[in-house]
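Student: Can you keep this structure in mind? I'll have questions shortly.
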Amino acid sequence: MAKNILIVTGSPRVGGNSDILAEAFAKGAMEAGHSVKTFAAGRADIKPCKVCDACKAAGKCIFEDDFRKVEPMLAEANVIVLASPIYWYDISAQLKLVIDKFYSTKAQRNIDESVLILCGAVEDTARFDGAVQVYKRICEGSVQWTDRGVILAGGCSSKGDALNHPAWQQAYELGKNI
């Protein structure tokens, strides 16, 4: 059965390693017959959640920003892929802004499966464990997503390193088999 997949990338670097791995996943998913949309959170203008709770009455965040662009994509998706570089042992702030805005909406209610793709300069992917654990807590918590896989690409510091990394093939295969 064809799935609607939303890939949210968190890197501000156009064509960087996070984008490369997200594209590998998308390629595999599209070849398998799934619909794929991508939202570049790393290059969007999204303001932090202020926890003002005005969204509870309005049904959406009352502050105008680029989160409005991703909301319809979230509403259509049943699979979400979060792709981010590792910055200081965690996902990028830009991706975190999107996740935090989930508080203001129920648009992500149809999502039941998720994937995490991380890349970073350090070779030792055990140093990605903080970001992975937060992702797993998100899956188990309020959103109740089924984790379909975590792809880690260490040693990716220069733009393009992910093209020759084993994680490229892993992302492609996971996309084909989602």
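The values are calculated or read from the model by the stated rules, or taken from the named source; none is laboratory data. In this text the structure is predicted, and so the values were computed from the model without any measurement. Cβ sites come from the backbone with ideal geometry, for glycine too, and all protein chains shown count toward neighbours.
Student: Checking residue 52 against (1) touching a residue at least 60 places away in the same chain (Cβ under 8 Å); (2) not in a helix (DSSP H, G or I), which single condition isn't satisfied?
Tutor: For residue 52, the exception is condition (1).
Student: For residue 118, state whether it is within 13 Å of the chain's Cα centre (by Cα), surrounded by 14 or more Cβ atoms within 10 Å (Cβ to Cβ) and modelled with pLDDT of 95 or more.
Tutor: Yes; evaluated as a whole, the condition is true for this residue.
Student: From the list 131, 107, pick out the single residue that is of a type in the set (A, V, I, L, M), within 30 Å of residue 59 (Cα to Cα) and modelled with pLDDT under 95.
Tutor: Working: 131 fails: modelled with pLDDT under 95.
That would be 107, the only listed residue that is of a type in the set (A, V, I, L, M), within 30 Å of residue 59 (Cα to Cα) and modelled with pLDDT under 95.
Student: Then there's this: Select from the range 86-113 the residues that are crowded, with 18+ Cβ neighbours inside 10 Å and touching a Cys at 6+ places or on another chain (Cβ under 6 Å) and write down the one among them that is farthest from residue 23 (Cα to Cα).
Tutor: Among them, the one singled out is 104.
Student: Let me ask another. Any idea which of 3, 69 is basic (Lys, Arg), at pLDDT 95 or above and surrounded by 15 or more Cβ atoms within 10 Å (Cβ to Cβ)?
Tutor: None of the other options fit; the residue is 3.
Student: Another question about this same structure. When you check residue 79 against the structure, is it at pLDDT 95 or above, in contact with a Lys or Arg (Cβ under 7 Å, 6 or more places away or on another chain) and surrounded by 20 or more Cβ atoms within 10 Å (Cβ to Cβ), yes or no?
Tutor: Yes: the conditions hold for residue 79.
Student: Which of the residues spanning the range 25-50 are among the small types (Gly, Ala, Ser) and over 14 Å from the mean Cα position of the chain (by Cα)?
Tutor: 28, 29, 32, 33, 35
Student: Checking the conditions here, which among 62, 5, 20 is of a type in the set (Val, Ile, Thr) and closer than 16 Å to residue 112 by Cα?
Tutor: Just a single option satisfies the conditions, and that option is 5.
Conditions tested, residue by residue: (1) under 22 Å from residue 110 (Cα atoms); (2) surrounded by fewer than 18 Cβ atoms within 10 Å (Cβ to Cβ); (3) modelled with pLDDT under 95.
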{"residue": "10", "(1), (2), (3)": "yes, no, no"}
{"residue": "17", "(1), (2), (3)": "no, no, no"}
{"residue": "21", "(1), (2), (3)": "no, no, no"}
{"residue": "27", "(1), (2), (3)": "no, yes, no"}
{"residue": "42", "(1), (2), (3)": "no, no, no"}
{"residue": "52", "(1), (2), (3)": "no, yes, yes"}
{"residue": "61", "(1), (2), (3)": "yes, no, yes"}
{"residue": "64", "(1), (2), (3)": "no, yes, yes"}
{"residue": "73", "(1), (2), (3)": "yes, no, no"}
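Student: Hey, another quick one. With the requirement that a residue be assigned to a loop (DSSP other than H, G, I, E, B) and hydrophobic (A, V, I, L, M, F, W, C), what does the range 1-25 give you?
Tutor: 1, 2, 14
Student: Please count how many residues of the range 26-49 are out of contact with any Leu (no Cβ under 6 Å at 6 or more places or on another chain), within 23 Å of residue 93 (Cβ to Cβ) and assigned to a helix (DSSP H, G or I).
Tutor: Number of matching residues: 2.
Student: Then there is this: In this structure, does residue 86 turn out to be in contact with a Gly (Cβ under 6 Å, 6 or more places away or on another chain), under 22 Å from residue 135 (Cβ atoms) and either hydrophobic (A, V, I, L, M, F, W, C) or without any contact (Cβ under 8 Å) to a residue 12 or more places away in the chain (or both)?
Tutor: Taking the combined requirement at face value, the residue satisfies it.
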